[in-house]
1. Determine which member of the set H88, H80 is modelled with pLDDT of 95 or more, under 17 Å from the mean Cα position of the chain (by Cα) and surrounded by fewer than 16 Cβ atoms within 10 Å (Cβ to Cβ).
2. Pairs please, first residue from the range 84-113 and over 11 Å from M139 (Cβ atoms), second anywhere and assigned to a loop (DSSP other than H, G, I, E, B) and of a type in the set (G, A, S), Cβ atoms under 8 Å, 6+ apart in sequence or on different chains.
3. For V141, only one of the following conditions fails: (1) open to solvent by 40 Å² or more (accessible area, probe 1.4 Å); (2) part of a strand (DSSP E or B). What is its number?
4. Filter the range 85-116 down to residues that are aliphatic (A, V, I, L, M) and part of a helix (DSSP H, G or I) and give me whichever is nearest to G60 (Cα to Cα).
5. Hey, G159 hits all of (1) open to solvent by 30 Å² or more (accessible area, probe 1.4 Å); (2) in contact with an Asp or Glu (Cβ under 7 Å, 6 or more places away or on another chain) but one; which does it fall short on?
6. Out of F119, F131, I need the residue that is under 21 Å from S83 (Cα atoms), open to solvent by less than 40 Å² (accessible area, probe 1.4 Å) and part of a helix (DSSP H, G or I). Which one?
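The values are calculated or read from the model by the stated rules, or taken from the named source; none is laboratory data. This is a predicted model, so every value here is computed, not measured. For neighbour counting, all protein chains shown are included, and Cβ atoms are generated from backbone atoms with ideal geometry for every residue, glycine included. What goes into the accessible areas is simple: the full protein's heavy atoms, side chains included, and nothing from ligands, DNA or RNA. Shrake-Rupley method; radii C 1.70, N 1.55, O 1.52, S 1.80 Å.
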Amino acid sequence: LGNQGVKAVSNTPTHSETFQIVRKDDAPNRVRLKASNGFFLQDDSDPSVFNIAIVNTLQGEYQITNGYGPVKAPQVMQAHWDSYITEHDFKFISANGLSAVRIPVGWWIAQDPNPPKPFVGGSLKALDNAFTWAEKYGMKVIVDLHAAKASQNRFEHSGARDGFLEWGDSNIDETVAVIEFLATSWIRCHKEAHKCICDPISSFRTC
């Protein structure tokens, strides 16, 4: 191609381009990469077996759910939702004179309880719990669209897959649809919320 470089012709991998990570039961950092034809990718020194060196902790919901996988991730996320913020926190916040809380959510909440992989269901219920507690203790809720589809700022808290900002004009309608979903969901429940998108690195305007 000379100096023209290489240009992708598809935004999604085909079946033959998708690999499955198969972990060793007694050593989860030892993995095999399995192709769609059933064969394994090989390393010259140790056929089909690779050692994953994790240099940092998993951060952001995409990394956590993708890293733990479809069996373990729902358990990890549910434990987080059940313990990280509870009704006791809302009672404490209200008792200390604060009248509102800000809650970050990801775009996949609009497809809960069956969001696209690797995300797992449960976030909508967690948000509904927060509204229930806020209402009980006389508080307002600011719902913050913290992660727009394709990542609006490339950071892990925006649901980025690999640190790239991929959000663009083609994602505007989807992003607006998520905001509308959040608004109408709680209008039906006679609850009030404000919406915004967090920390965009782009030229579009936010509330």
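1. Exactly one residue qualifies, and that residue is H80.
2. G106/G159; W107/A148; W107/G159; W108/G159; D112/G121; D112/G122; P113/G121; P113/G122
3. So the condition that V141 fails would be (1).
4. I109
5. Evaluating G159 over (1) open to solvent by 30 Å² or more (accessible area, probe 1.4 Å); (2) in contact with an Asp or Glu (Cβ under 7 Å, 6 or more places away or on another chain) leaves (1) as the failure.
6. Within the list F119, F131, the selection yields F131.
This table checks each residue for (1) modelled with pLDDT under 80; (2) surrounded by 11 or more Cβ atoms within 10 Å (Cβ to Cβ); (3) part of a strand (DSSP E or B).
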| residue | (1), (2), (3) |
| --- | --- |
| V6 | yes, no, no |
| S16 | yes, no, no |
| R32 | no, yes, yes |
| G38 | no, no, no |
| D43 | yes, yes, no |
| V55 | yes, no, no |
| L58 | yes, yes, no |
| E61 | no, yes, no |
| N66 | no, yes, no |
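Per-residue answers, yes or no, for (1) over 22 Å from S99 (Cα atoms); (2) free of Cβ contacts under 8 Å to residues at least 24 places away in the same chain; (3) among the aromatic types (F, W, Y); (4) in contact with a Phe, Trp or Tyr (Cβ under 8 Å, 6 or more places away or on another chain):
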position: L127; (1), (2), (3), (4): no, no, no, no
position: E135; (1), (2), (3), (4): no, no, no, no
position: K140; (1), (2), (3), (4): no, no, no, no
position: A147; (1), (2), (3), (4): yes, no, no, yes
position: D162; (1), (2), (3), (4): yes, yes, no, no
position: W167; (1), (2), (3), (4): yes, no, yes, no
position: E180; (1), (2), (3), (4): yes, yes, no, no
position: T184; (1), (2), (3), (4): yes, yes, no, no
